[in-house]
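The values are calculated or read from the model by the stated rules, or taken from the named source; none is laboratory data. As the structure is a computational prediction, the values presented were derived from the model and not from experiment. Cβ placement follows ideal geometry from the backbone for every residue including glycine, while neighbour counts extend to all protein chains displayed.
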Amino acid sequence: MTKMLHGFVAIAFVVGLGAFFPSASGAAPKPSGTLTVSAAASLTDVFPVIADAFEKRYPDTEIKLNFAGSSTLMNQVIAGAPVDVIATASKSTIQIGIDSELVARPLRFTKNFLTIAVPLGNPANISKISDLQRDGLLLGVCDTAVPCGSAAVELFTKNTLDVTAVTRELDVRSVLAKVISGDLDAGIVYVTDVKSAENRVEFVQIPFRDNVVATYHISVVADTREQQLAQRFVNFVRFSTTSQGIMRAFGFAKPW
Amino acid sequence: MKITANFSAIRNSFRLSIDTIFSAGTVTAVLGPNGSGKSTLLRVLAGLQGIDSGAIVFGNQVVNKTPSVHVAPQGRSVGVVFQDYALFPHLSVMENIAFGPRSLGSSKKVSQVRAQSQLESLGITELGHRKPNQISGGQAQRVALARALAIEPSVLLLDEPLAALDAQTKESVRTELEKQIDGFDGCVIFVTHDPLDAMLLADRVVVLEDGSITQEGTPSELAARPETDYVATLMGVNLIRGVANQGVLQVEGGGVLSVPQVDLRGEALAVLRPEAVTLHLLRPEGSARNVWQGSVRALTPMHDRIRVSIDASPPVIATITHLALADLQLSVGTPIWVSAKTLTIEAFAK
Amino acid sequence: MPGLVALLFLVIPLIALIVQTPWEAFPKIISSPEALEALRLSLVTSLVATAFAALFGIPMAWLLAREILPFTGLLRALVIVPLLLPPVVSGVALLEALGRRGLVGAFLYDTLGITFPFTTVGVVIATTFVAMPFLVITMEGGFRSLHQRYEDAAATLGAGSRRVFLRITMPMVAPAAIAGLVLCWARALGEFGATITFAGNFPGVTQTMPLAVYTALESDRSVAIALSMVLLVVSVGVLVALRGKYLQTRAS
């Protein structure tokens, strides 16, 4: 009788242990579930591709993407929106979340640089960053509340430029749209934005030493119900060769 | 100022054809049933609606001539009194009357003086500061008239001037209107469906039926010789159609009447007053040449007599006293004999 | 019962807004240059837009009501289109028409050097575009209910069309006109999508109150709420001031 009990307990122990150590032989359950991911506007083109790749790797999962200006996304999380992962274009926008412990430690996953977008044909003949000081130039930037906007301010300060924009859009894609339509002579956007609009816009490169870098951060939202899956997604974005390869293709820079 | 109107106007597939003259200084009543085009005629004369062919001349001024001439209401010297008066509700009575002179260029002062004198001549001075919703129907009619007269028009057009009033007010207002019209030396044209208005106020009557003029003449001519059923009914007489020959009228639809007009030949109309028709329960003896049989179709009481409609050849309307009705004990369907003296009939060529 | 639900539905968010307003910081927030700038811009552009809407919209409404032009139905549908479009789409349409490379804008820029985007004039254009239909619809209703008889009478009394319109027609449709103008102004005041898309967002030039609120939302939520409260107070203030007029016209 006791011998059988011993054996029974031993088997239970082994099986139990097995659950804690998912092996390559597939004893563990496959990842599944739905994730809601809020991502900064400048990730509008790249994240769907990364999400697709993730879903292909783990077929029982679904990624729902939500794009907006980084600070709007943060506000949504603060207001209690059911978001599992948040990816912003700067650390500062996510800082509020860190302070109120709404998000886990933010981790960098890619970098982006600023560039000057100009309409096809460069009608205002912009060749260098100091040209932006020209009187009467219609320059568009993002509002300082948005990462792209504060980056632009940093850019001007770093290069001691006295620049006046005519509009402070609420997300970087709006700036880009108005450059494409020709209503702006120039716009400060990300390198990735002009790359995604390849045939419809030109750009003037900002030398590396004069440029400002935007470091993108990703974080798991504290209230998430999909802790494991969220963590898996974050890891995928940061470390998988697939993800980094996609980002490189879109013009994003290495995170380190 | 004489008005010559010879035109046709079409609106929503209704065609109004007019060819008549309104003589200077006369009062003309345009009489017709609803839908006959009376209001359209008024609107055309006022310049509020255009014509499709023909011309209209006011005195020396061609106001309408197709295809190119159409003088706007502002350019015509017409004063219009609309049905329901159309007094401007946001202006006082005084301002309403002064509106015309003011629009034509007079200063505020002069316009007010003019308005004041109009109020006086119509006996409504005390109403000057009231708003249109604070005066009675009869008063409103006078204000509307004063407003139209204030611009000293050559032509005065009135659209059913008494229609909006109750029976009691009508009498006094009609008398009042008669006085005002007498005092006006231009051409007056008013539109009405009430023959009493025409009879009492007009020098001349133009009968309009279904867009065309069917009869023109003085009120007495109309009463004596109505030329259409409508006029006859209005005048309250029997109108009989037929072919006359040597004092005998072969009635259209059956029947024969003896008429005094022996020289009359051909298509003719005969007028027989309802009062001249006598009714008998049995075939009458006596001098009357016209005796025929029928039955009572309807009895219509009027305030001092009864109208009896009789189915016969020809059908006829007779009026008798209440006493006579009681004596004869008539009711619908009663067989009855009708007679009329030849001399009471007037026949004339169609 | 459904009426009560509707009332609560409308009132509760407003109450929440009032409760959440940072009342201690309120005076400082609303007297800041940015806030005052935005308020000034909003009031000026909304009033100018209403004036333009009246200048062009009232005659348009009269033409529609009296069916003077052919294809009245089609014209009316075109005038109402901005009512049906999402404001951002209206902004895009305006860019396509009046932007620097727009259908008409290109001509204006190339020959006269005039542009509308990023200017205060652009704000007026955007708000007029979205708010005018409100005025046209209200006024058309007013004109329709006015019997032609009064205008006819005035004409026969010698008044030219302008005098008839100004002295007779307009005074008689005054209640509808007031309602239409207030509605139009309120819509212009609250306009966001078309303004930011067509005119952009720059303090003092194109950043009206709604844009200031949205921008503030990105950085400091309590400022956004305070600014919203200002808008609310101004709007309610005007409506209360006109309440007497509404009641009067109901009685008459």
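Tabulated results
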quantity	calculated
Every residue from the stretch C:147-182 that is buried (at least 23 other Cβ atoms within 10 Å of the Cβ) and under 19 Å from residue B:44 (Cα atoms)	C:153, C:154, C:155, C:156, C:157, C:158, C:159
Subset of the stretch C:216-231 (residues that are in contact with a helix residue (DSSP H, G or I) (Cβ under 6 Å, 6 or more places away or on another chain) and of a type outside the set (Val, Ile, Thr))	C:216, C:217, C:218, C:224, C:226, C:227, C:228, C:231
Restricting the stretch B:77-98 to residues that are crowded, with 21+ Cβ neighbours inside 10 Å and touching a Ser or Thr at 6+ places or on another chain (Cβ under 8 Å), the residue that is farthest from the other protein chains (Cβ to nearest Cβ)	B:98
Wholly enclosed strands (runs of 3 or more DSSP E) of the stretch B:214-307 bearing at least 2 residues modelled with pLDDT of 85 or more and of a type outside the set (A, V, I, L, M)	B:238-245, B:265-272, B:278-280, B:290-301
Count - residues of the stretch B:186-212 that are of a type in the set (A, V, I, L, M) and either surrounded by fewer than 18 Cβ atoms within 10 Å (Cβ to Cβ) or more than 12 Å from residue B:37 (Cβ to Cβ) (or both)	9
Residue under evaluation residue B:36, criteria (1) away from chain C (no Cβ under 13 Å); (2) over 22 Å from the mean Cα position of the chain (by Cα); (3) crowded, with 19+ Cβ neighbours inside 10 Å, criterion not met	(2)
So residue A:121, is it within 12 Å of chain C (Cβ to nearest Cβ) and either in a loop (DSSP other than H, G, I, E, B) or closer than 27 Å to residue A:185 by Cβ (or both)	yes
Scan of the stretch A:149-192 for residues that are of a type outside the set (D, E, K, R), more than 7 Å from chain C (Cβ to nearest Cβ) and over 21 Å from residue A:122 (Cβ atoms), ordered by number	A:149, A:150, A:151, A:153, A:157, A:160
Test result for residue B:116, away from every other protein chain (no Cβ under 14 Å), closer than 17 Å to residue C:158 by Cα and assigned to a helix (DSSP H, G or I)	no
3 or more residues within 14 Å of chain A (Cβ to nearest Cβ): qualifying helices (runs of 4 or more DSSP H) within the stretch C:90-206	C:120-144, C:193-198
Filter result (small (Gly, Ala, Ser), on the phi < 0 side of the Ramachandran plot and either surrounded by fewer than 24 Cβ atoms within 10 Å (Cβ to Cβ) or over 14 Å from the mean Cα position of the chain (by Cα) (or both)) within the stretch C:183-226	C:186, C:190, C:193, C:199, C:212, C:216, C:219, C:222, C:224, C:226
Helices (runs of 4 or more DSSP H) wholly inside the stretch C:1-83 that include at least 1 residues being acidic (Asp, Glu)	C:33-65
